[in-house]
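Have a look at the structure below before the remarks.
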Amino acid sequence: MIHFSFLDKVSHQIVSEFGNTLSEVTIILPNKRAKVFLIEALKKQLDQTVFAPNIISIEDFIQEVAGIRTIDPTELLFEFYNIYLSVTPVEQQQDFELFANWGKTLLQDFNEIDRYLLKPDHVFSYLKDIEVLKRWDLEPSQTTDLIKTHLEFWSRLPEYYETLYTHLKNMGIGYQGLIYREAVNNLQYFSESLGATKLVFAGFNALNQAEEKIIQQLLFNSQAKIYWDMDAVFLQDSHHDAGLFIRRFKKEWKQYTTQPFEWVVNEFSNTKQIHIIGTPKTIGQAKIAGKIVENIQANGESLDKTALVLGEENLLIPALYALPDSVESLNITMGYSSKNNPAQILISKLFKLHANALQRSETSYTFYYKEVLDILTHPLVEPYCDAAPVVKIINQNNITFLSQKKFIEINQQRSELFQLLFERWEHDAVLVLNRLLKIILAIKSFLGNESEEDKVAKAFLYSIFKTINKLINYQEKYNRIDSVTMLHTIYKQIVDLAEVSFEGEPLSGLQVMGVLESRVLDFENVIITSMNEGVFPAGKSMNSFIPYDVKRELGLPTYKEKDAIYCYHFYHLLLRAKNIYLLYNTESEGLDAGEKSRFITQLEIEKQPKHNIIHQIYNAYLPDKAYESIIVPKSEKVMERLKEIATGKGFSPSGLTSYIRNPIQFYNQRVLRISEVEEVEENIALNTLGTIIHGALEELYKPFLHQFLSVATINEMLEKTNSEVEKQFREVYKEGEIKKGKNLLAFEVAKRNVFNFLNEEKKLIESGDAVTVLALEISLERTLEDDRLPYPVKIAGNVDRIEQRNGKIRIIDYKTGKVELRSVQLKDWNGLTLDIKNDKIIQLLCYAFMYEQKCDGMEMEAGIISFKNMRAGFLPFGIKEDKNVDSEINAEVLEAFKTEVITLINEMLNPEVPFEEKLE
């Protein structure tokens, strides 16, 4: 342990003074955390077994003096609401949800007024006069009911305060300020009842008026001693905030005119290595902290003398992950906020799901798919709920909204947990809360006791379990919550107080703590994170009805005093430390950004001669190349798979263009057979829209295959268009919503595209075109045999439409996107398969190659009809020479095309050519 730490000095002093009568001593510390460290320090001073002194925190001590127990903040809010209703006219009363928003702030002000022993009537009349003065120039005719109600609120504050104070006092409970005020009133009785007990106050800094009065009186009665921990550097500098409070106590407390001031030390000016380290973002700080801990261990030092102090509690989990595996034991002496608690996130998602379901309709009780998936994929639910089949059905069927009844039916093998999560909620707060308790207990039953992950998960669950139990008790007692929405609002307000407590070994290993938990303790190695303005110190915050200037006049603490408290904590951490690491975020913009803390600047400006300050900036490692393309060599298995494709299913035109676009995409989709993850299409995707249009046209033309189309047949198709497009929507988009929003627009677009296509067809027939549709959505294949290939290769694919028009075979590919004529015209065969811009030409010529043998010597052409360029009509493939374009696909054209395709396929089948990603 550190030599001459503050607790060592306190324990030495107490043992020297009280010896074997330690059991008659009560030691009061600023917090409960330091108790175990003080007991350990006392053990080192003793060579025999004795009864330990009573060691308590200042808050527990004040409760003992007052004879009043503290009230839970949520219970206090409910009690205050009862008082509010009893003294406020019925027509001006607000419901609990609105009241809670300002009630918490007012209670905070009541607390400050009492802790500093101010006269409540004086403060409240002051506040009322300020509000009246704001409107002094209004004529009586200009005074509205709202202004009158507002002023009445301020005039009613003394009544709220007095009624609540008396009510709580009669119940024997109170908020902190009430307990402090009553402790002062009860001090004489407490002093007389102390008997032989001696009190020792140790390690204090800032004291409120009540604490000052109590401690001074006990010192005056010779019933107590107080030991400060103040360095000469801070005490002697009249501008140093770390000594702001203790300088005043030393100057103003009367006993210090005759008694020594204990203790002033000279520790801060000793030799210290101070590393000021800047790095971008929070995660960077966590990683650096982990590296520092690793280096401390590498130097052979024990982590018993090391503290990792987190300026922000949300850094706890990243910091724990960043610690090296060599850290065998650690003690977390800080609460973890419920905001990032996985159990709390799950409960919030359940509230959202069921509250929205109740609001949509009291009868149908409909769930929104995203809210359902949020719960089913939650890490505390997914492993234990067999959710995969249900998620698959929702995604496959595009179910956007589904009734609770249908949802329960979907999961035939539903577990007890599944039913607890999704059964209907009623507007009964106790029933809902009991359901949530059952859910937590059900999840807990799946967790083991072996893994660290399960232990942490149980700690998270227990924290929320306690909160919900409290809510049940309060609702049964006060019955103020009358809807799920209000319950959710109140739950959100109180869950912020539900911190997760972790268990650990306090005397060995690394100490991970918050700033307030570090009080009174000393370490050799100190790592402090989040040394940025607005975090450390916290900066200005005015969550109060009392203006700043009024606080200054009345002697209430403002942000300046709060900064001074943080300043003392910071410098006390550094006081006896030898190696100090101050980490801050270098980013000036973003959520967790801010300027470097003024405390760091102060250390630099007021540098002590023996302090060695080292500045470092750590940036993330940036490689020379931001990204390197993926290269996959063709193994024996890959070559086998390629041959399987080439001789079996065959290479499709889209497969060939996929390879040209990006060989890695071809490798993933065709060789590895990795398909895209199926998700709900809340808004219809372009490819889905294309499928619907293709399907509608196929069904409309199918009855008229192999017969000449006439104006009458087209009119017949036009009459069926609306119903056929809707039918295709239902088949393809399944249970997705198509009657509103973007999907309704997509539905109308699909109908318009089909109508436009048929009308263009009608015009061409009217102008003399003779058209016979030979095939729709037909599968074609042909084996490409050539000496240049290692083995015969099959080309296979689906063609949208093949027709005979005016004595020519025409192969048509529908495109829902916009295609220009130049996209299907070719100037030069060289490099055809090297440029993805030629993808449409390659597709058309593949179709022509596959259909060539069925042409019976007829002239053939292939082209595209673009639904977004319908006026351009049929866009045929053509070879452009000068200004002439030849659109006939003959044997010569197909031979030239085969040469290019064989080159491409040889590259695909070459084991020496790896799949290499093309970067855009």
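Every number here is computed from the coordinates shown, using simple stated rules; none is lab data. What you see is a predicted model, and the numbers here were worked out from it, not measured in a lab. Methodologically, a virtual Cβ is constructed for each residue, glycine included, from the backbone with ideal geometry; neighbour enumeration extends over all protein chains shown.
Our summary gives the range 339-495 a relative contact order of 26 percent, counting only alpha carbon pairs under 8 angstrom and 6 or more residues apart. Phi angles of the range 249-254 translate, via the Karplus equation with coefficients 6.51, -1.76, 1.60 and θ = phi - 60°, into HN-Hα couplings of 4, 5, 7, 9, 6, 5 Hz per residue; Gly and Pro are given as x. Backbone amide hydrogens, once placed in the peptide plane, bring residue 586 within less than 5 Å of 279, 281, excluding anything fewer than 5 places away on its chain.
Dividing the Cα radius of gyration of the range 707-837 by 2.2 N^0.38 Å, with N the residue count, gives 1.38. Close amide H pairs (under 5 Å, H built 1.01 Å from N) link residue 576 with 523, residues at least 5 positions away or on another chain.
Working from label points 7 Å from Cα in the Cα-to-Cβ sense, the residue 395 to residue 852 distance is 4.2 nm. For helix 839-851, what angle does its Cα long axis make with the longest principal axis of the chain, in degrees from 0 to 90 and rounded to 10? Taking Cα atoms only, the helix is inclined about 40 degrees. Extending 7 Å from the Cα toward the beta-carbon at both residue 640 and residue 57 defines two label points whose distance is 6.7 nm. Per-residue Karplus couplings for the range 406-411, computed as 6.51 cos²θ - 1.76 cosθ + 1.60 with θ equal to phi - 60°, are listed in order as 5, 4, 5, 5, 4, 8 Hz, Gly and Pro entered as x.
Cross-link reach is defined here as a Cα-Cα straight distance under 16 Å, omitting same-chain residues fewer than 8 places apart; for residue 702 the aspartates and glutamates meeting it are 716, 719, 724, 761, 777, 800, 803. A simple count of charges around residue 697, restricted to other residues whose Cβ falls under 11 Å of its Cβ and scoring Lys, Arg +1 and Asp, Glu -1, yields -4. Note on residue 35 and residue 621: the extension gain reaches 206.6 nm, defined as 0.36 nm multiplied by sequence separation minus the Cα-Cα distance.
In this rough spin-label picture, where each label sits 7 Å from Cα along the Cβ direction, the residue 317-residue 91 distance is 5.2 nm. By how many degrees, 0 to 90 and rounded to 10, does the Cα axis of helix 73-87 deviate from the longest principal axis of the chain? Helix 73-87 sits roughly 80 degrees off the main axis of the chain.
Among 291/610; 104/254; 44/560; 349/406, which pairs are too far apart, with a Cα-Cα distance over 30 Å?
The answer is 104/254; 44/560.
Once you have a ≥ b ≥ c as the square roots of the Cα gyration tensor eigenvalues for the range 339-495, tell me rounded if a/c is under 1.5, and otherwise prolate or oblate according to whether a/b is larger than b/c. Because a/c hits 1.5 or more and a/b fails to exceed b/c, the range 339-495 counts as oblate. When the Cα gyration tensor is reduced to axis lengths a ≥ b ≥ c, the ratio a/c is 1.5 or higher for the range 636-916, and with a/b not above b/c it is classed as oblate. Using C-alpha pairs under 8 Å with a sequence gap of at least 6, the mean separation divided by the residue count of the range 636-916 gives a relative contact order of 20 percent.
Peptides 330-338, 430-438 ranked from most to least packed by the mean count of surrounding Cβ atoms within 10 Å: 330-338, 430-438. Seen against the Cα atoms of the chain and their longest principal axis, helix 120-134 is set at about 50 degrees.
Taking every DSSP beta bridge that has both ends in the chain, the antiparallel portion is near 35%.
As a rough guide to protection, the peptides 882-891, 706-715, 285-294, 771-780 ranked by mean Cβ packing within 10 Å, highest first, stand as 285-294, 771-780, 706-715, 882-891.
Taking only alpha carbon atoms, the chain gives an Rg to Rh ratio of 1.12, where Rh is the Kirkwood radius. Residues whose amide H falls under 5 Å from that of residue 265, counting only those 5 or more places apart or on a different chain, are 230, 231, 232, with hydrogens built in the peptide plane. In terms of distances greater than 28 angstrom between alpha carbons, the cross-link table entries 840/918; 751/898; 213/477 yield 751/898; 213/477. Relative contact order for the chain: 13 percent, from Cα pairs under 8 Å spaced at least 6 residues apart, divided by residue count.
Over the chain, DSSP H runs of length four or greater, each weighted -39,500 (n - 2.57), average out per residue to a 222 nm ellipticity of -15000 deg cm²/dmol. In terms of the mean number of neighbouring beta-carbon atoms within 10 Å, the peptides 861-871, 39-49, 400-410 order highest first as 861-871, 400-410, 39-49.
Quick one, what does Rg over Rh come out to for the range 778-904 if you take C-alpha atoms and the Kirkwood Rh?
0.94
Its convex hull of Cα atoms gives the range 576-667 a direction-averaged projected area, equal to a quarter of the hull surface, of 13.1 nm². Along the range 509-521 the Karplus relation, 6.51 cos²θ - 1.76 cosθ + 1.60 evaluated at θ = phi - 60°, assigns HN-Hα couplings of x, 6, 9, 9, 8, x, 5, 5, 6, 7, 4, 6, 8 Hz to successive residues, with x for each Gly and Pro.
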